[in-house]
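To keep things clear, I will list the structure first and then write my remarks on it.
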Amino acid sequence: MTKGKMEKLKPCPFCKGEADYDNCETGYEWIECTNCGAKTQHLKINSYDKLVKAWNSRPTEEKLITALKQLDQMLVDRHKFRPDAPVRKFIKQTIKEIENETN
Ligand SMILES: [Zn+2]
């Protein structure tokens, strides 16, 4: 598999290191951090899409972003906060920071 064909892997969730695909002669493949060695489970060859999905998923961050967006919506719906309210700017900035860190 050439690198060009590979779907973009997110940086390591633990150390922000670069992730890479690897496999071995016994017919297993996995994705591993080139810096700290964190890795996905080893799966039978031809599981690449599944491995990428596992490596790239960031469930905690996704939950956090969803909660922040709900909070922002509550501020608008229930309390009529305007877009330039400091608390809404803070929420937007925090969401942006989380997204930058996980992409
Ligand atoms: Zn790492």
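Take the conditions under 14 Å from the mean Cα position of the chain (by Cα), surrounded by 11 or more Cβ atoms within 10 Å (Cβ to Cβ) and part of a helix (DSSP H, G or I) and apply them to residue 64. Does it pass? Before the answer, list the steps.
Details: under 14 Å from the mean Cα position of the chain (by Cα): yes; surrounded by 11 or more Cβ atoms within 10 Å (Cβ to Cβ): yes; part of a helix (DSSP H, G or I): yes.
Yes.
In region 23-74, which residue that is of a type in the set (A, V, I, L, M) and out of contact with any strand residue (DSSP E or B) (no Cβ under 9 Å at 6 or more places or on another chain) is farthest from the ligand (Cβ to nearest atom)? Step through it out loud before you land on a result.
Our first condition is that a residue be of a type in the set (A, V, I, L, M); within region 23-74, this holds for 31, 38, 43, 45, 51-52, 54, 64-65, 67-68, 71, 74.
Retained after the next criterion (residues that are out of contact with any strand residue (DSSP E or B) (no Cβ under 9 Å at 6 or more places or on another chain)): 64-65, 67-68, 71, 74.
Working: 64: 21, 65: 22, 67: 26, 68: 26, 71: 31, 74: 36 Å.
Restricting to residues being of a type in the set (A, V, I, L, M) and out of contact with any strand residue (DSSP E or B) (no Cβ under 9 Å at 6 or more places or on another chain), the top hit is 74.
Report yes if some residue within region 19-26 is touching a Cys at 6+ places or on another chain (Cβ under 9 Å) and either modelled with pLDDT of 95 or more or surrounded by fewer than 16 Cβ atoms within 10 Å (Cβ to Cβ) (or both); otherwise report no.
yes
Residue under question is residue 71, and the condition is that it be in contact with a helix residue (DSSP H, G or I) (Cβ under 9 Å, 6 or more places away or on another chain) and not in a loop (DSSP other than H, G, I, E, B); does it hold?
yes
So which of 40, 94, 102 ends up being in contact with a helix residue (DSSP H, G or I) (Cβ under 9 Å, 6 or more places away or on another chain), in contact (Cβ under 8 Å) with a residue 40 or more places away in the chain and among the β-branched types (Val, Ile, Thr)?
102
With the requirement that a residue be acidic (Asp, Glu) and within 20 Å of the chain's Cα centre (by Cα), what does region 23-55 give you? Quick ask: steps written out before the conclusion?
To start, the set of residues in region 23-55 that are acidic (Asp, Glu) comprises 25, 29, 32, 49.
Answer for region 23-55, where residues must be acidic (Asp, Glu) and within 20 Å of the chain's Cα centre (by Cα): 32, 49.
From (1) within 16 Å of the ligand (Cβ to nearest atom); (2) in a helix (DSSP H, G or I); (3) modelled with pLDDT under 95; (4) of a type in the set (A, V, I, L, M, F, W, C), pick out the condition that doesn't hold for residue 14.
(2)
The values are calculated or read from the model by the stated rules, or taken from the named source; none is laboratory data. In this text the structure is predicted, and so the values were computed from the model without any measurement. Here the Cβ is made from the backbone with ideal geometry for all residues, glycine too, and neighbour counts use every protein chain on show.
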